[in-house]
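Let me begin by presenting the structure, written as structure tokens, before commenting on it.
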Amino acid sequence: MFTAIDHVGIAVADLEAAVEHHRRVLGLEPAHREVVESQGVEEVLFAVGDAYVQLLGALGPDTPVGRFLERRGPGLHHVAYRVEDLAGALERLREGGVPLIDEEPRPGSRGTRIAFVHPRGTGGVLVELVEAPSGGADGAS
Ligand code: CO
């Protein structure tokens, strides 16, 4: 059902400083940057092999990432798996009793469709499922 790790999302308090750190110290160049108003984030993606590291800055304190930063500070926010059939994957998880945050796919960045799975069903880690746009470009959101 999962075909690859799509990205690892890291919540950061200062997006510009974190981008600069990834460039200068880790030697990674940003591959994509996007504001996703519906999720209250600005994200910057760095390609690492076939996957991405995704830095997440909150658009405000009263957003999911803003509340995460307030509660837990910067750090690992979620792991995203690529799937070919997002609706099918959600159905399978639902049948398996895994609690879903998103019952239906919703739009992610870069034209992807995404859904979040509750950490209660995945060992305490927030999990995102990512379906690439039809046409095949690798997606991240
Ligand atoms: Co993500």
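Just so it is clear, none of the values below were taken in a lab; they were calculated from the coordinates. All figures in this text were calculated on a predicted structure; none of them were measured in a lab. Don't worry about glycine lacking a Cβ; one is built from the backbone with ideal geometry, like all the others, and counts go over all protein chains shown.
Here the condition is being assigned to a strand (DSSP E or B) and buried (at least 18 other Cβ atoms within 10 Å of the Cβ); of Phe68, Phe46, it holds for Phe46 alone. Taking segment 1-31 as the range and being away from the ligand (no atom under 16 Å from the Cβ), of a type in the set (Gly, Ala, Ser) and free of Cβ contacts under 8 Å to residues at least 40 places away in the same chain as the test, the residues that pass are Ala17, Gly27. Take the residues of segment 103-129 that are within 20 Å of Leu76 (Cβ to Cβ) and in a loop (DSSP other than H, G, I, E, B): which is nearest to the ligand (Cβ to nearest atom)? So, considering only residues that are within 20 Å of Leu76 (Cβ to Cβ) and in a loop (DSSP other than H, G, I, E, B), the one nearest to the ligand (Cβ to nearest atom) is Gly108.
This table checks each residue for (1) under 21 Å from Glu20 (Cβ atoms); (2) in contact with a Gly (Cβ under 6 Å, 6 or more places away or on another chain).
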{"site": "Val41", "(1), (2)": "yes, no"}
{"site": "Ala47", "(1), (2)": "yes, no"}
{"site": "Leu55", "(1), (2)": "yes, no"}
{"site": "Ala58", "(1), (2)": "yes, yes"}
{"site": "Arg72", "(1), (2)": "no, no"}
{"site": "Val98", "(1), (2)": "no, yes"}
{"site": "Ala115", "(1), (2)": "no, no"}
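Selection over segment 7-36 of residues that are touching a Leu at 6+ places or on another chain (Cβ under 7 Å), farther than 19 Å from Glu70 by Cα and part of a helix (DSSP H, G or I) gives a count of 2. Report whether or not Arg67 is more than 15 Å from the chain's Cα centre (by Cα) and over 20 Å from Thr3 (Cβ atoms). Yes; evaluated as a whole, the condition is true for this residue. The set of residues in segment 74-102 that are more than 12 Å from the ligand (Cβ to nearest atom) and closer than 17 Å to Glu42 by Cα comprises Pro74, Gly75.
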